[in-house]
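No lab work stands behind these numbers, since they all come straight from the coordinates. Everything numeric in this text was worked out from a predicted model, so none of it was measured. Here Cβ is always computed from backbone atoms with ideal geometry, including for glycine, and neighbour counts include all displayed protein chains.
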Amino acid sequence: MAFEKLSNSIHDVNENIQAFLHSNSEYYKLKAFKQGMKGATSLVRFLIMAFLLSTAGVMISFALAIVISEAIGVPSSGYFIVGGFYLIVFVLILVFGKEPIEKLVLRKFSKAVFNDKDK
């Protein structure tokens, strides 16, 4: 009789451990899914904002080039000046901007992914 109770208790403990492990694995799957989706939605939002900002930048650049060309009187000069400005900015970012950009992106995405407060 005592052996049967002990056997039943061990069987119950085994079932409880298996149920705990199953629910624990499901929890971590859901948590990983939540973190992945936060990162994915943050990335999509970033790409949409970058596209819109790039489009606005192109339009403003064309307008600025036209204004400069009309002010100088040489039709292509404004385009060369604006293009040269962007080339200088590109070189400066290439030389000095790697570390600040990496820190900014890492900080933003870390905040988006690891922030447990739901909005």
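Filtering Gly39, Gly73, Gly83, Gly57 for residues that are over 30 Å from Phe109 (Cα atoms) and under 36 Å from the mean Cα position of the chain (by Cα) leaves a single hit, Gly83. On the given criteria, is Thr41 among the hydroxyl-bearing types (Ser, Thr, Tyr) and loosely packed, with under 11 Cβ neighbours inside 10 Å? The answer is no for Thr41.
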